[in-house]
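The structure appears right after this line, and notes come after that.
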Amino acid sequence: MNVSSHGPNRGALPGGGSRMFSRLRRSVVRMCSGARGIFSLAVIGCWIVVAVVSRFWTPQTLYGTDGYHAWSAPSPDHWLGRDGTGADMLSWLMAGSWTDLVIVVLTIVLAALIGIALIAAMVSRARGVSGVVTVAVDALISIPTVLIALVLAVPFGASIAVVIVACGVGYGLNLARIARPEAVLIARSDFVESAVSCGASQAYILIRHILPNLMSTMLVQLSLSAGTVVLAESGLTYLGIGVPSGVPSWGRSLATSVRFIAIHPMTVVWPGLVVTLVVVALNMFGDLLRDRWDTGATRDEEDES
């Protein structure tokens, strides 16, 4: 899934790290002043809190099954009812929040590392390297994430690692492709040329000048990709190449209940509602971060003029 970034970075500056973090802080503060920002941060915050709490406590025993009460309706002891094995739905959704949080965090970290490595190669002063990597990224980005997961699942089987690697590679390629035009402009700027003429190494230029000025684009893109990771986990698990059976996740809850949607629709509604809320909140957070960042950049330019 390709998500457009917010365009060229305004006001790229040498060693722009301190200004970047200051602008990020102001952007987050401004987000808290609006209804959409409060909603997105509240949902994401609740997700993180529930995920941490589930590591120590759930309302019922996670793997406690009771075939005599399978598909039972909500009750004071089981607020969301039971699934097909008689397990408590709320407990499984709480435990699944931790699994999905780990998948999202590790996928975003992997995507960032792959994206940064590819960006470094694409702005390399060795034209042969930058040209080959650029062509390779343009070619590989057309490969669907599902196909990458299928290739990995053949030798390794269904696992959380398959979801993380497949999504991390796909979103890393997407990040590099979106950030490349801006990275090239920064690499050709006057302050970078001055650093090169002073003997600065390519690693120093990347860390000191290019990445700080790319941080806004990368943060927005990665935050938008986080919502897609949740959907990808659910889809890959439904296809049988994601989270394995017996491991709680939102995708696993959907996969085990969707066959009985006509008979027991609420067992699909609860995990579907959780996935929808989190994906909407993550996408809204990315959109707001992009909008607030652009607004902050415009104000910075007006203050400087």
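Diffusion coefficient (Stokes-Einstein, Kirkwood radius over C-alpha pairs, 20 °C, 1.002 mPa s) for segment 118-180: 172 µm²/s, rounded to a whole number.
Subtracting the Cα-Cα distance of Val109 and Ala126 from their residue separation scaled by 0.36 nm leaves 3.4 nm. Once the Cα-Cα distance is subtracted from the 0.36 nm per residue extended length, the Arg36 to Ile143 segment shows a gain of 35.1 nm.
Neighbour counts of C-beta atoms inside 10 Å place Tyr204, Tyr238 in the sequence Tyr204, Tyr238, starting with the fewest.
As a proxy for reagent exposure, Tyr171, Tyr63 were ordered by neighbouring Cβ count within 10 angstrom, fewest first; the result is Tyr63, Tyr171. Using the Karplus relation 6.51 cos²θ - 1.76 cosθ + 1.60 with θ = phi - 60°, the per-residue 3J(HN,Hα) values for segment 35-42 come to 5, 5, x, 5, 4, 5, 5, 5 Hz, with x marking Gly and Pro. Spatial offset of segment 243-286 relative to segment 130-151 amounts to 29 Å, using the alpha carbon center of each. The amide H of Ala87, built 1.01 Å from its N in the peptide plane, has Asp66 as neighbours under 5 Å, considering only residues 5 or more places off or on other chains. Ordered by the number of other Cβ atoms lying within 10 Å of each residue's own Cβ, fewest first, Leu147, Leu289 fall into the sequence Leu147, Leu289.
Remark: segment 98-111, residue by residue, has Karplus-estimated 3J(HN,Hα) of 5, 4, 5, 5, 4, 4, 5, 5, 5, 5, 5, 5, 5, 4 Hz, where x stands for each Gly or Pro and the curve is 6.51 cos²θ - 1.76 cosθ + 1.60 at θ = phi - 60°.
Placing dummy labels 7 Å off each Cα toward the beta-carbon, the span from Glu193 to Phe260 is 6.9 nm.
Estimated from the Cβ-Cβ distance and a Förster radius of 25 angstrom, the FRET efficiency linking Ala136 and Val102 is about 0.25.
We did not get these values from a lab; they are worked out from the coordinates using the rules stated. These numbers come from a predicted model, not from an experiment. All Cβ positions, even for glycine, are placed from backbone atoms using ideal geometry, and neighbour counts span all protein chains on display.
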